[in-house]
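Student: There's a structure below that I have some questions on.
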Amino acid sequence: MKVKILKTYSLDEITDKHIGKRGTPKREAFENELRLDLLGEAIRQARIDRNLTQEELGLIVSVKKAQISKLENSLADARFETIIKVFKALNAKINFNVELLNQTVKLI
């Protein structure tokens with residue numbers, strides 16, 4: 001019996017082939033959607049770790065339960081201010097990275 005050798009592919013190779021190369025509009029949209037999913041999951045996990053319901057967290061940050069649900073499920077674009085309030089209410093440290101690609105920035 002002949003042994004068939006399977007070729008393996010990296011996640012980047014598969015994503016490049018099926019979604020598009022980095023820098024293309026389709027790939028950028030895909031990457032941004034993944035980031036929103038991670039943010040929503042971080043909010044959900046921090047809320048659960050603090051033994052809060054969505055309604056309780058909403059009351060703390062002055063938004064409705066539905067808004068917390070949308071944030072956790074990445075169903076809505078949220079205002080930056082709301083995201084900061086949520087993480088502050090959860091006593092969670094957040095870090096944001098801003099990366100300027102192919103640009104020179106001068107601070108005067």
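Student: Residue check: is K17 more than 30 Å from N91 (Cα to Cα) and modelled with pLDDT under 85?
Tutor: No, not satisfied.
Student: Kindly indicate which of E55, E28 is closer than 30 Å to D16 by Cα and among the charged types (D, E, K, R).
Tutor: E28
Student: Is it true that L39 is assigned to a helix (DSSP H, G or I) and at pLDDT below 85?
Tutor: yes
Student: State which residue pairs qualify: first residue at positive phi and inside the stretch 44-64, second residue surrounded by 16 or more Cβ atoms within 10 Å (Cβ to Cβ) and in a helix (DSSP H, G or I) in any location, beta carbons under 8 Å apart, and separation of 6 or more residues or different chains.
Tutor: Listed by first residue and then by second, the contacts come to S62/K85.
Student: Is there a residue being farther than 28 Å from E72 by Cβ and not hydroxyl-bearing (S, T, Y) anywhere in the stretch 25-43?
Tutor: Within the stretch 25-43, none of the residues are farther than 28 Å from E72 by Cβ and not hydroxyl-bearing (S, T, Y).
Student: Any residue at all in the stretch 49-71 that is modelled with pLDDT under 90, exposed (fewer than 13 other Cβ atoms within 10 Å of the Cβ) and among the basic types (K, R)?
Tutor: Scanning the stretch 49-71 turns up no residue that is modelled with pLDDT under 90, exposed (fewer than 13 other Cβ atoms within 10 Å of the Cβ) and among the basic types (K, R).
The values are calculated or read from the model by the stated rules, or taken from the named source; none is laboratory data. Since the structure is predicted, the reported quantities are computational estimates derived from the model, not experimental observations. Heads up, the Cβs are rebuilt from the backbone with ideal geometry, glycines too, and the neighbour counts pull from every protein chain shown.
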